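What follows is a short report on a single structure.
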Amino acid sequence: MPRFKVFLEYEGTRYSGWQVQKNARTVQGEILQAARKVFAGEPVDLQGSGRTDAGVHALMQVAHLDVRTMLAPEIIRMKINDGLPADINILEVLKARPDFHARHDAVSRSYLYQIARRRTALGKRYVWWVKDRLDTARMRTAARAFEGMKDFRSFTADDPEEKSTTVQLREVSVHEAGGLILVRVAGSHFIWKMVRQMVGVLVEVGRGAMDAGDVERFLTTRSGEPARLTAPPSGLFLEHVYYRGETPEATVAPVVRIPLLSFR
């Protein structure tokens, strides 16, 4: 059966995450529903590079699509898009080798988290507004403690007894862009709620309530404190999925632009 590589974006506010669930609206479910109408009577399978949680967005999710068809990739893209809601969009469809697997072949992924420094009427769905002033220099220092091969058992809702919590992160960086603080986290893979809990801890560091030593402590001794500080899903974006031979993006750019106004 032919296999296609699918690149897509979505705004996750209205969805219970990527993966198909009973009695819940999901991104994968919406795409499968649209594809089955296009390929009526043919079996259709769609597998993503990884899950995103309820309310989390994607700038570049990757999936593979299996379906028996003679349609050209660009026609597949247009026909599926015609059946999708406006908050899910297929960016590109390419022919893939039969053994390509969107999840197993991915070598790294990056997430972007947007923290708003002021209340915003236009970007509310895409940011976490933190009322306190945050010290980004302190956040950058603490962020470096996450990099490398570390045990993130304090930063996940997964059970460490059932699933490995060791993850290698190549980048945890903090950037300023007008009224936004951007946190990029890039690594081999991610576990449930890991990035949101990391961001929650970094915000506490920015407030002055924690420091880099607390990050080191959470990485060496299991703690429930990061779970209590979990950042909301609204500010989180799956930024990119990388495959062998692809070069990680160096530039960090905001999804929405929020000017930092003097009268905030």
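Just so you know, all these numbers are worked out from the coordinates, no wet-lab data involved. Worth saying up front: this structure is predicted, and the values here are computed from it rather than measured. Neighbour counts are summed over all protein chains in view; Cβ atoms, including those assigned to glycine, are modelled from backbone coordinates with ideal geometry.
Of note:
- Karplus-derived 3J(HN,Hα) values for the stretch 77-85, using 6.51 cos²θ - 1.76 cosθ + 1.60 with θ = phi - 60°, are 4, 5, 5, 5, 4, 4, x, 9, x Hz; glycine and proline are entered as x.
- Cα gyration tensor shape for the stretch 160-264, rounded if a/c is under 1.5, else prolate or oblate: oblate
- Model label points for F7 and H175, set 7 angstrom from Cα along the Cα-to-Cβ axis, are 1.8 nm apart.
- Put simply, the amide H of R25, placed in the peptide plane, has neighbours under 5 Å in S16, leaving out anything fewer than 5 places away on its chain.
- The angle separating the long axis of helix 27-38 from the principal Cα axis of greatest extent in the chain is about 10 degrees.
- Taking the C-alpha atoms only, the angle from helix 194-207 to the longest principal axis of the chain is near 30 degrees.
- All Cα pairs of the stretch 3-96, percent lying beyond 24 Å: 12 percent
- Look at the alpha carbon pairs under 8 Å that are at least 6 residues apart: their mean separation over the length of the chain gives a relative contact order of 23 percent.
- Amide H within-cut-off set for G55, under 5 Å, with H built and near neighbours excluded: Y15, G17
- Anisotropy class of the stretch 51-183 from Cα gyration tensor, a/c 1.5 cut: oblate
- Using the Karplus relation 6.51 cos²θ - 1.76 cosθ + 1.60 with θ = phi - 60°, the per-residue 3J(HN,Hα) values for the stretch 170-184 come to 8, 8, 9, 10, 10, 10, 10, 9, x, x, 10, 10, 10, 10, 9 Hz, with x marking Gly and Pro.
- Enclosing the Cα atoms of the chain in their convex hull gives a volume equal to 139 cubic angstrom per residue.
- Span from the the stretch 216-253 Cα centroid across to the the stretch 86-149 one, whole angstrom: 7 Å
- Pairs of Lys residues in the chain are counted when their Cα atoms are under 29 angstrom apart and they lie 8 or more places apart or on different chains; the count is 19.
- Put a plus charge on the Cβ of each Lys and Arg, a minus charge on the Cβ of each Asp and Glu, and nothing anywhere else: the dipole of the chain about its Cα centre is then about 600 debye.
- Sequence-separation-based contact order of the stretch 45-111, relative, with Cα cut under 8 Å and 6+ spacing, percent: 41 percent
- For the pair L260 and K95, the difference between a 0.36 nm per residue extended length and the Cα-Cα distance amounts to 55.0 nm.
- Projecting label points 7 angstrom from Cα along Cα→Cβ for V107 and D87 puts them 3.5 nm apart.
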